[in-house]
Each structure stands twice: as C-alpha cells, then as structure tokens.
Amino acid sequence: MNNFPVEKLSFNVVSGTFESKKVAGGLFIKGPLPLDWIASANSLPGKAGAVGLAIWFLVGVRASKIVKLTKQVEQIAACQRKAVYTAILSLEEAGLISVTRRKGARATVTVMSTPIS
C-alpha cells in the first residue's frame, strides 16, 4: 500500500509558497460514505465490496466521483484484474456505479450517490 504518495501542502505566508508536509497516520478513505451503498456492494458476489471501497478511496483522493480504473484499484482491493472487471460488472448491474468504456482506453467509473433501484 506504500505505492500512493501521501503529502500535504500548506501555504507559507512568509515565503508565499506551498510547502510539503509529512502526513501522520497513513492513508484513509475520505467520508462520508453512504452506508446503503457499502451494504449493497458488500452483498454482491466476489470482490465487489473490496473493489467498491477501492473506488471510494480514489474518489476521495481525486476529489471527484469520476475515476479511471487503474492498477491502483487492483492493488487496493487486493485482487487480480479479472476479478476487478467482474466486480465492476456487478456494481454496475446493481446501480452503484456507471461505467464509460472506450476501445483502447481504461474504463471510467462514476459513483452513484445512492443505489439505483
């Protein structure tokens, strides 16, 4: 999990520049996370819950509900690429995410705030 750079920038009013600071406590998933979303993902088969949490982590890191599926998702969810794609299909069918696929490019995932029934 040390593949993710953790740094915090703070503005120094004296120098007028941003300075990097070490972040204590490690990585975390930025909330709030909708409990019904997490419960729905965890009720799906396979690694859907783990992949869902990996996606929410990247949502917090990128400050956007739209994230590109990268190798980071595999690393965070601790599963193989094929398991990630199976989980993505399950999450999409459950209405938890929408997926934009383009030939020759990685899929882009949009997290839905609440599950679509």
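Any read-out appearing in this document is the output of simple, stated calculations on the displayed coordinates, not a laboratory observation. Please read these numbers as outputs of a predicted model, since none were measured by experiment. In this analysis, Cβ positions are derived from the backbone assuming ideal geometry, glycine residues included, and neighbour counts consider all displayed protein chains.
Some notes on this structure:
- One residue alone among Ser113, Ser64 is in contact (Cβ under 8 Å) with a residue 40 or more places away in the chain, surrounded by fewer than 14 Cβ atoms within 10 Å (Cβ to Cβ) and within 17 Å of Gly31 (Cα to Cα), and that residue is Ser113.
- Verdict on Ser90 being part of a helix (DSSP H, G or I) and surrounded by 14 or more Cβ atoms within 10 Å (Cβ to Cβ): yes
- Counting the residues of segment 69-86 that are in a helix (DSSP H, G or I) and either more than 17 Å from Leu33 (Cβ to Cβ) or free of Cβ contacts under 8 Å to residues at least 24 places away in the same chain (or both) gives 11.
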